[in-house]
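So the structure is just underneath, and the comments pick up after that.
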Amino acid sequence: QVQLAESGGGSVQTGGSLTLSCAASESIFSNKAVGWFRQAPGKQRELVATAASGGSTVYADSVKGRFTISKDNAKNMVYLQMNSLKPDDTDVYYCWYGGMKSWGKGTLVTVSP
């Protein structure tokens with residue numbers, strides 16, 4: 001079973017930036033859609049961004065213009081560049097790929113006012 005490992009979370013102030021990374025235990029991303037979701041305690045997991053295997057991207061309205069999803073097939077990595085962070089972006093962020101069977105542990109992003 002493919003394991004996902006998210007990293008890059010941390011604590012920043014409003015307006016700051018972070019880059020999240022997702023590494024897979026196998027070469028899995030090159031021909032699949034990939035994405036990032038986030039979840040706050042007691043809330044449903046919500047879509048942040050996706051990138052189709054062909055490269056087209058979709059972003060949640062709340063992050064459009066601030067977040068950018070990308071992937072490096074050679075390194076088997078998926079990234080989420082997050083700029084102009086807001087307190088509402090505080091969540092645990094999870095990596096996803098099409099056909100995934102289980103979530104990784106996620107990485108916590110905390111944005112202070």
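The values are calculated or read from the model by the stated rules, or taken from the named source; none is laboratory data. Since the model is a prediction, treat every value here as computed from it, not as a measurement. Ligands, DNA and RNA are excluded from the accessible area calculation, which covers all protein heavy atoms including side chains. Shrake-Rupley method; radii C 1.70, N 1.55, O 1.52, S 1.80 Å.
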* Taking every DSSP beta bridge that has both residues in the chain, what percent is antiparallel when rounded to the nearest 5? -> 90
* **Cα point-scatterer Debye curve for the chain, base-10 log of I(q)/I(0) at q = 0.11 Å⁻¹** => -0.31
* Asked: Ignoring ligands, DNA and RNA, what percent of the accessible area of the chain is carbon or sulfur (1.4 Å)?
  -> 49
* Hey, could you grab the Kirkwood Rh for region 1-50? Inverse mean 1/r over distinct alpha carbon pairs, Å, one decimal. => 13.0
* Just report the Cα centroid separation between region 57-97 and region 9-34, whole Å. => 7
* Hey, can you find the accessible area per residue of the chain for me, probe 1.4 Å, expressed in square angstrom? => 52
